[in-house]
Structure formats: structure tokens, C-alpha cells
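Notes for the one structure printed next.
The values are calculated or read from the model by the stated rules, or taken from the named source; none is laboratory data. A quick note: this is a predicted structure, and the numbers were derived from the prediction, not measured. Don't worry about glycine lacking a Cβ; one is built from the backbone with ideal geometry, like all the others, and counts go over all protein chains shown. Please note that ligands, DNA and RNA were not included when accessible areas were found on the heavy atoms of the full protein model with its side chains. Shrake-Rupley method; radii C 1.70, N 1.55, O 1.52, S 1.80 Å.
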Amino acid sequence: MLMTKAQKESNAVVAIAAREITKGIKNPVLMIVSIVFPIIFIGIFGGSLSQNMAGNLGYNYLQFMMIGMIVNSVFTGLITGMSSLIEERNQNLTQELYVSPISRYSIILGKMIGSSFTSIVGLIGILIVALLMQIPLGGMHIVWLFLITPLFCLIGGSLGIFFIGFVQDSKTADIGSMLLVMPQMFLSGAMIPIQHSTGILGFLAHIMPMTYCIDLARAVFYSGTPVYSQIVLYHPVTDLLVMAGFFLVFTIVGTLMFTRSERNR
């Protein structure tokens, strides 16, 4: 009986994930934007910063930014993907899911996995920029980094579901998701080093989930290199524990709130 229930939940996760991937494939504009966005930021914004302020850092700034944008790409994609549940709910596209005899967590997990597809496609744009601008990829270090990107997808997705648990309107969700994404992009260390951030900026940087995702990514990428201590803020275990805490709180509270709003409609 338990196996049957487990199989039903697994099949539901796969079906929901496949539905999201199919939607992404049928929306080539979204795919193109996912690839072009990091090209613009690393190629133009990153290139300008590298030429004007990175001379005394002691490490390759564009490589530093590339790692931040890898995390930002998947993190942002998951927040946006989970926020789309609001629009689907308003259009009654999720009603059949929420009346089906499957766990709400299976629905959320399937949505996360499916939304990860578009985010990971965006990594192609980052690799294109890295090759064109001759940014060192670090050999096997970039491979290890890509292998842990699902962790960043989970944290971004959990923040997304936490957000939509408190939002009822799709327009509010669109604006709110940007307000979640943009501060983290600039304050979490994705593009600008935050080792010396103090006051309110330092406080905000250290309460943002993406900060710990990016720090873990750089710990993996720069492991064993001379610049490790200059770049990495925390021990990787600390990053993992904080990320796990964020994931559990965001997922549990967000799912409960979102499910309650479904029942109250």
C-alpha cells in the first residue's frame, strides 16, 4: 500500500515536471531571453566593471562574476517559475491538481523540477560569454559547480513558493518577484564583492538566501586555489546548513499558505 502511494506521488511529480518542460519548449522567446540575459550582464555590465574597478582585487573579476551569474540564473528562474502558479491559479489551471489525491508537496516539487529546465538552459548563455571573453572555466571546478546547481534550484524554488503563499494577484506576483530578485542580485555578491559590506547593506546581504548559495558555489569552484580565503565568506558546511534551514521553512510555510489560499477561493 505504501509502495502504491509512493508510486502515485512519483508519477505525479514526473507528470507535473514534464508539463512545465513542455511549456518551456513551446515558448522559444522565454528560452532566448534566458540565454541573452546573462550575456548582457556578464558581457556588458561585467566587462565594464572589470575594466574600471577590478584591477586591485587580486583575482579574476569576470570569473568571480561568472560564478555569481550561474547561481543567479537558476535562482531567479525558479522564483519566476514558481510565481507563475499565481497566474495559473487565477486562470483555474491548477484546480485539477489540487483536487487530485496527491500530496501538495509533490505538486510543488514537480513544479520546481520543471521550472529548473528553463533556468539551466540559461547557463548556455553564460558559457557562451565565458568562451567569447576568454574567462577561465577552471577545468573540473566548473563541472563540480554545475553538479550542485540543483541545490540552488531548490532554494530559489522554495523562496518562490514562500512568496506566492502570501500573494493572491498575478500582477502583484510579477512585481513582487522582481523585488525579490533584483536586491539579491546586487547585494548577495553575485556581481559585486560583499566581504567589506557593513551597516544596513551588510545586514541585508547576510540575510539573503542567494548569498549562501553563491558562497557555496564559489567555495566549490575556488577550492584549493590561493584566492579561496579572499572570496569565500563561510565554511561550506555553514552555507549548506543555512540553505537547508531556508529550504525547510520556505517550503513548509509557503506550501501551507498557498494550499490554504486555494481552499479559500
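Put Ile40, Ile148, Ile70 in order of accessible area, largest first, 1.4 Å probe: what do you get?
Working: Ile40 85, Ile148 35, Ile70 0 Å².
From most accessible down to least: Ile40, Ile148, Ile70.
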Exercise. Within 10 Å, count the other beta carbons around each residue, average over each peptide in 60-67, 77-84, and list them highest first.
Key: 77-84, 60-67
Self-check item: Spacing of the two label points (7 Å from each Cα toward its C-beta) at Thr238 and Lys23, in nm
Solution: 3.8
Self-check item: Rg/Rg_ref, segment 120-265, where Rg_ref = 2.2 N^0.38 Å and atoms are Cα
Solution: 1.16
Quiz item: With all protein chains present and a 1.4 Å probe, how do Asp215, Asp174 order by accessible area, largest first?
Solution: Asp174, Asp215
